[in-house]
Structures are given as C-alpha cells and as structure tokens.
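Enquirer: Sharing a structure with you now.
The values are calculated or read from the model by the stated rules, or taken from the named source; none is laboratory data. The structure displayed is predicted, hence computed values, not measured ones. Quick reminder, even Gly has a Cβ in these numbers, built from the backbone with ideal geometry, and neighbours come from all protein chains shown.
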Amino acid sequence: MVIGHPEGSRYQITYGYIKSKLKDVRNDKVLEHNAYMKQGNSGGVALTENMKIAGINISGKFTLLGHYRKGYMIPYNIVKDNINKYKTKESEIKVSSINAIINGKSYKLNLDSNKTTEELVNLLPLELTMNELNGNEKYAYMDNSLFTNSYNPKHIEKGDVMLYGDNCLVIFYKSFDTNYHYTKIGHIDNLNNLGNGSITVKFE
C-alpha cells in the first residue's frame, strides 16, 4: 500500500505487492513494487496489509508511452539502520565552545571535554540570574542536576566556570586559591570584573 499526496492530491492510496528481491538502484538498496505512484509520492511510506511501515518510496518508473511500470522503495530496516548511523555520528560531534551573554555582552565560553559539559549543552539555551558571592564569583542553582567529577583545583583563575555540587553553576571573575571541590565546565577569556550584585547570563 502506497499513501501520499502526489500532484496536489490529498491522501491518495494505491495497492500492490513486492515484485523483486533486494537490488541496487542508483546506489540504494531497494525493492520493486507495483503499487501505482506519481510525482510527489517519493519520500512517502509504503505500508503492509497490517499497516506496518514496509519502506520509503523513492521513485516510480513509466514507459515511453506513459504507462506505469514499477515503483522503488527502500526497505524499512535499511532506513532504520541509516537513521541509527546518523544518530551515532551526530552524537560523536563535540561542542567545544558556547556563547555566554552576560548582561547583554557576549563572551566565548571554551568548554572542557567531559560528560558534564555534554549534559549542559543539552540544556541550551539556558538563561540564569546569577547572584554575587564573596566578591569573586557569581552563582545560580539550576533546575537540572548534572554529572559530577569534582576535584580541588587549589587555584581558581579569573574566567573559570565550574559546577559546585550537581546543580550550582559558578562563574569566577577573580583569581584566588581555594579548598573547595568543583567539576570543571570551562573558561571565559578576557572576562570583565562583574562587580557587585546579580547578573543575567544566557548560555547558547
């Protein structure tokens, strides 16, 4: 069964059966069927009699006299495998930096390569009101908890961005020594002194 909207029609359904074993056509692994197709059916689904997806239609063939000959579809299992391969490749792409817009000014936040930053990137865009603490940092508690791998860095550099606990994001705007434990998020170069009071930060 082929269903689609060819040539401007709505929900046109045609019926047929599989005519061939798996074969190569234009670098695709396809099956032939004889359910009637028109221009516009490509990309639509072919269904079994039990309304399961059999495949994705890619083209129909006509004779020189305009008589319909056959249609081609990519079987569902091949489509599914290709989607899974694409998802795997997509997940392998690492984001190395994001924008941190602080009170309207944009900074580049270079990210550490770790599971915590991967989870943070999945939350973007993220806007936080970050409060002042100790004259050297701004912090905000997020609604989501992130993976932690905390350690004591012993020294904080101006521009460091850390995770305290599993949901407290911290931007340090001064350098100092510390005994606290954090999970490293990344670093903002050329960060200005953020001054007293709270700030609004949008990560994107």
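Enquirer: Please work out if SER42 is in contact with a strand residue (DSSP E or B) (Cβ under 6 Å, 6 or more places away or on another chain), assigned by TED's automatic domain parsing to the domain that holds PRO75 and surrounded by 14 or more Cβ atoms within 10 Å (Cβ to Cβ).
Expert: In short, yes.
Enquirer: Before we move on, is LYS29 touching a Leu at 6+ places or on another chain (Cβ under 6 Å), surrounded by fewer than 16 Cβ atoms within 10 Å (Cβ to Cβ) and not aliphatic (A, V, I, L, M)?
Expert: Here the answer is yes, as LYS29 does meet what is asked.
Enquirer: Just to be sure, is MET162 under 28 Å from the mean Cα position of the chain (by Cα), within 20 Å of ILE98 (Cα to Cα), free of Cβ contacts under 8 Å to residues at least 24 places away in the same chain and assigned to a strand (DSSP E or B)?
Expert: Here the answer is yes, as MET162 does meet what is asked.
Enquirer: Moving on. Look through the range 165-181, keep the residues that are under 27 Å from the mean Cα position of the chain (by Cα) and part of a strand (DSSP E or B), and return whichever of them is farthest from SER96 (Cα to Cα).
Expert: CYS168
Enquirer: Between LEU123, LEU146, which is surrounded by fewer than 14 Cβ atoms within 10 Å (Cβ to Cβ), at negative phi and within 19 Å of the chain's Cα centre (by Cα)?
Expert: From the options LEU123, LEU146, the qualifying one is LEU123.
Enquirer: Before we move on, is SER106 assigned to a loop (DSSP other than H, G, I, E, B) and either surrounded by fewer than 14 Cβ atoms within 10 Å (Cβ to Cβ) or in the same structural domain as GLY186 (by TED's automatic domain parsing) (or both)?
Expert: Taking the combined requirement at face value, the residue does not satisfy it.
Enquirer: What is the one condition in (1) in the same structural domain as ILE199 (by TED's automatic domain parsing); (2) free of Cβ contacts under 8 Å to residues at least 12 places away in the same chain; (3) in a helix (DSSP H, G or I) that THR116 does not satisfy?
Expert: Status for THR116: all satisfied but (2).
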